[in-house]
Amino acid sequence: MIGTVGTGRSIYHCISYCLEDKQELSEEQKLKLSILEGVQHKNRAEVLEYNFCYGNKHELTDQFKDVRQLNKKAERPVMHLSLRVAPGDHLTRNQLIELGQAAVKEFGLDQNQYISILHKDTQQQHIHVVANRVGYD
């Protein structure tokens, strides 16, 4: 398992990156790459879990911003975790959900808003977890 952790200011940009296809690729390029690489460049993201939030990127952004107002001192309210499964390993959907849950719990964010997303655009399975570092408490 390889993981990266980052924090940031822009809820919208982080959620957009995780939920949308790569914008620099045309529809034709996505199709060609998908066939060539045997992965999914079109509709590459699958939401695995919502925690205390729901909806599309605009609704999620609004919800995260509403809770962010509870701590206006937080300069970097977004945590972005990227977790890549080891080469050759393959996890089930439930195992990927459990992986995301374990990661947010380890960071003490399991009672905060977060969304867990599977990306299907590489040979190695990987998930992204976007969490609001500002909690309800």
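The values are calculated or read from the model by the stated rules, or taken from the named source; none is laboratory data. Just so it is clear, the model here is predicted, and its values are computed rather than measured. Cβ: placed from backbone, ideal geometry, glycine included. Neighbour counts: every protein chain shown. These accessible areas exclude ligands, DNA and RNA; they are computed on the full protein's heavy atoms, side chains included. Shrake-Rupley method; radii C 1.70, N 1.55, O 1.52, S 1.80 Å.
Some observations on this one:
- In order along region 3-8, the Karplus-derived 3J(HN,Hα) couplings, from 6.51 cos²θ - 1.76 cosθ + 1.60 at θ = phi - 60°, round to x, 10, 10, x, 10, x Hz, and Gly and Pro are given as x.
- Long-range amide H partners of R133 with built H, under 5 Å: V78, M79
- Cross-link partners of K32 among lysines (Cα-Cα below 22 Å; sequence separation of 8 or more within a chain): K22, K42, K120
- Region 99-114 and region 1-80 have Cα centres separated by 16 Å.
- Average accessible area per residue (Å²) across the chain - probe 1.4 Å, nucleic acids and ligands excluded: 58
- A102/N43 FRET efficiency (R0 41 Å; Cβ-Cβ; nearest 0.05): 0.95
- All-pairs Cα distance distribution in region 1-122, expressed in whole percent, bin size 5 Å: 2, 10, 18, 22, 20, 14, 9, 4, 1, 0
- Helices that extend 30 Å or more along their long axis by alpha-carbon positions and average at least 0.5 on the Kyte-Doolittle scale are absent among the DSSP H runs of the chain.
- Helix-only CD estimate at 222 nm, as mean residue ellipticity for the chain, using -39500 (n - 2.57) per DSSP H run (n ≥ 4): -10500 deg cm²/dmol
- Fraction of accessible area attributable to carbon and sulfur, the chain (%, probe 1.4 Å): 51
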